[in-house]
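Read through the structure below, which is laid out as structure tokens, and then see the notes.
The values are calculated or read from the model by the stated rules, or taken from the named source; none is laboratory data. Just so it is clear, the structure is predicted and the values come from calculations on it, not from any experiment. Cβ: placed from backbone, ideal geometry, glycine included. Neighbour counts: every protein chain shown.
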2 protein chains.
Amino acid sequence: MDKEKYALGVDIGGTNIKLGIVSGTGKIIFNTLVPTNREGGPDEVMSQLKKGIKETISQNELNIVGIGIGAAGSVSSKKGTVSYPPNIPGWDVINVVDIIKNEFNLPIFIDNDANAAAIGEMLYGAGKEFNSFALVTLGTGVGGGLILNRKIFHGDFGAAGEIGHTSIDYNGRLCNCGSKGCVEAYVGNHYLMDIVKEELPKHRDSEILKLIDNNTDLLTPKIINGAAINGDEYALFIIERVGFYVGSALSSVSNLLDIDSFIIGGGVSAFGQPLLISIKRTLEDKVLKTIKHRIKVFPAQLKNEAGIVGSSSLVFYNL
Amino acid sequence: MDKEKYALGVDIGGTNIKLGIVSGTGKIIFNTLVPTNREGGPDEVMSQLKKGIKETISQNELNIVGIGIGAAGSVSSKKGTVSYPPNIPGWDVINVVDIIKNEFNLPIFIDNDANAAAIGEMLYGAGKEFNSFALVTLGTGVGGGLILNRKIFHGDFGAAGEIGHTSIDYNGRLCNCGSKGCVEAYVGNHYLMDIVKEELPKHRDSEILKLIDNNTDLLTPKIINGAAINGDEYALFIIERVGFYVGSALSSVSNLLDIDSFIIGGGVSAFGQPLLISIKRTLEDKVLKTIKHRIKVFPAQLKNEAGIVGSSSLVFYNL
């Protein structure tokens, strides 16, 4: 009898490097994390990565068949490179796969973290039944992964899926990327908090102000969600508007790719049902009639574990 | 020696049914057209189609290996159906391939006209060298065809490629589709003429007014182009703005699909170089930095013959 197969999943984040061992059915057997030593520079992060992998393998006597790595930024899964991750300063272009390969005698796969999460949702989560779907991660940035015909779509240079830089207003809010009206410039965590900070003085009765004791530096999506759960009108309006912006961007994605299924993950998706309902309603309002009746919007099923499970899923997806 | 292979291409348009025999290198050997009897209803159009094909085959003693059909509207190339073509009233859902198959003992392929044009450009035109590109047809509507990895991308239900319904402003101009800010609502022929009619009173010195003898019913893209060629400032502004709107929509397409190459066809593309330059500049301004230096914008090479050559290319693409 074959020994059960496991994958080692690594999520390289700006705050933590998360590592885990995951079964072929997406179950986490073991997990750990190392605070990312960003100050040490990319070389230090790479040696943390190697050390973490080594220890994870040696602590678990399991049949590990491959290593899957997810990272933010521009990742070439063909070449194995991670370029300019926004959360690790000083990192330009590093061939992570080449470096790891020299240390471990295992097949190694790498992808953008949103693509890894999309593959994880396809294999183990909310995307099991869909032939094609888009995963949208709402966090500091707005990331995306496109599953077309049960395959991740990378594009010619591996940069596909940048749903966050779908513009919803050619003359709209300035985005960090230099363009205008990118949906990320409306609903990305920092942008959204900036908008709310600006608007709060007009909503003196909002429970949000009480929850943060009038200190707008304490504002988080969680606070807004807390107020919304208590029925605060302005908080509910914020969530509905986030859904409207996201739905507006996704309607273009839907029309362009004939995609009717969307999976929403990331921290901001903690807004829950009111957010999902608003996204769905906006999509139904805006997409072409041929797609309208097919629209499906689901929450991501891999939540906190999306990083590790998503990364590990690269192994089972590719092997 | 094998006899040279030819394809019969048919373009079902609202004005004419165009038929032609095309070589494997995209050369038109024979072509003809029948004015579409729209008043006769879809049955009459279908019998015109059958008669046209029959006559084209019998008039040419050539080794025809298949029939390729292009049609406007929602086309399922899998099922063979054409649904609700916007230019033929009364036509709901007709399985064109089944009907034609019964009459002719040849493989038959069908696709949306923009997809057929994209395949034609890939095999014989401006897209020969590109691994992936988007074809955009600027006419009454704004159509699109997506070539990803040298394959036409249909999406799950065959509706992919609706670049015209990429919204550039969530609160923008009302589109016929019911949504707001679709790029078609800015640059589709009728919409564009409406915008220019509204603005013309503010441009009393524009040569456009002279060319149409102050009768705005005579306004066409050709007139605007004529004025632009003579250096008319307002006409040049119109063309540049069309490019800005199109480029704005395409920047979202580019970021989403990591596509850097765009081929522009259709009647409105007669605006020529000033239009292409404006589209390219807008794209370079708006796309992510990783794509910016790769942006390429070319005119379609199949011009008037795009219908016949595009349709016939379905045969050589699929066989």
Task: Of all residues making up the range A:78-103, the number that are modelled with pLDDT of 95 or more and among the small types (G, A, S) - done: 1
Open item on the list: For B:S278, only one of the following conditions fails: (1) in a helix (DSSP H, G or I); (2) within 14 Å of chain A (Cβ to nearest Cβ); (3) in contact (Cβ under 8 Å) with a residue 60 or more places away in the chain. What is its number?
Closed with: (3)
TODO: Could you tell me whether the range A:278-297 includes any residue that is closer than 30 Å to B:G145 by Cβ, among the basic types (K, R) and touching a Leu at 6+ places or on another chain (Cβ under 9 Å)?
DONE: yes
Open item on the list: All but one of (1) more than 9 Å from every other protein chain (Cβ to nearest Cβ); (2) modelled with pLDDT of 95 or more; (3) farther than 29 Å from B:S132 by Cα; (4) surrounded by fewer than 20 Cβ atoms within 10 Å (Cβ to Cβ) hold for B:A235; state the number of the condition that does not hold.
Closed with: (4)
Open item on the list: Going by what's in this entry, would B:F109 be described as within 11 Å of another protein chain (Cβ to nearest Cβ) and of a type outside the set (S, T, Y)?
Closed with: no
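Looking at A:I108, A:I99, A:I94, which is the one that is β-branched (V, I, T) and within 17 Å of A:I308 (Cβ to Cβ)? Please lay out each step first, then the result.
Numbers: A:I99 fails: within 17 Å of A:I308 (Cβ to Cβ); A:I94 fails: within 17 Å of A:I308 (Cβ to Cβ).
None of the other options fit; the residue is A:I108.
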TODO: Read through the list (1) outside any helix (DSSP H, G or I); (2) in contact with a Cys (Cβ under 8 Å, 6 or more places away or on another chain), then give the number of the only condition that B:G231 fails.
DONE: (2)
Task: Those residues of the range A:281-319 which are part of a helix (DSSP H, G or I) and either small (G, A, S) or touching a Cys at 6+ places or on another chain (Cβ under 9 Å) (or both), in sequence order - done: A:K286, A:K289, A:A306, A:G307, A:G310, A:S311, A:S312, A:S313
Task: From B:G267, B:G247, B:G243, B:G307, residue being farther than 30 Å from B:I64 by Cα and in contact with a strand residue (DSSP E or B) (Cβ under 8 Å, 6 or more places away or on another chain) - done: B:G267
- [ ] Pick out the one residue from B:L106, B:L148, B:L135 that is buried (at least 20 other Cβ atoms within 10 Å of the Cβ), modelled with pLDDT of 95 or more and either farther than 30 Å from A:E129 by Cβ or small (G, A, S) (or both).
- [x] B:L135
Open item on the list: I need every pair where a residue in the range B:148-175 that is within 13 Å of B:V187 (Cα to Cα) and at the interface with another protein chain (Cβ under 7 Å from one of its Cβ atoms) has its Cβ under 7 Å from the Cβ of a residue that is in a loop (DSSP other than H, G, I, E, B) and of a type in the set (A, V, I, L, M), sequence separation at least 6 or different chains.
Closed with: B:H165/A:L288; B:T166/B:V183; B:S167/A:I168; B:I168/B:V183
Open item on the list: For the range B:242-270, which positions are more than 8 Å from every other protein chain (Cβ to nearest Cβ), touching a helix residue (DSSP H, G or I) at 6+ places or on another chain (Cβ under 8 Å) and outside any helix (DSSP H, G or I)?
Closed with: B:F262, B:I263, B:I264, B:G265
Task: For A:T137: the one exception among (1) closer than 25 Å to B:F153 by Cα; (2) within 11 Å of chain B (Cβ to nearest Cβ) - done: (2)
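Considering only residues that are within 18 Å of the chain's Cα centre (by Cα) and within 12 Å of another protein chain (Cβ to nearest Cβ), look in the range A:178-192 and name the one that is surrounded by the fewest Cβ atoms within 10 Å (Cβ to Cβ).
Ranking the qualifying residues of the range A:178-192, first place goes to A:Y186.
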Open item on the list: Can you confirm whether B:I239 is hydrophobic (A, V, I, L, M, F, W, C), under 20 Å from B:P274 (Cβ atoms) and touching a helix residue (DSSP H, G or I) at 6+ places or on another chain (Cβ under 8 Å)?
Closed with: yes
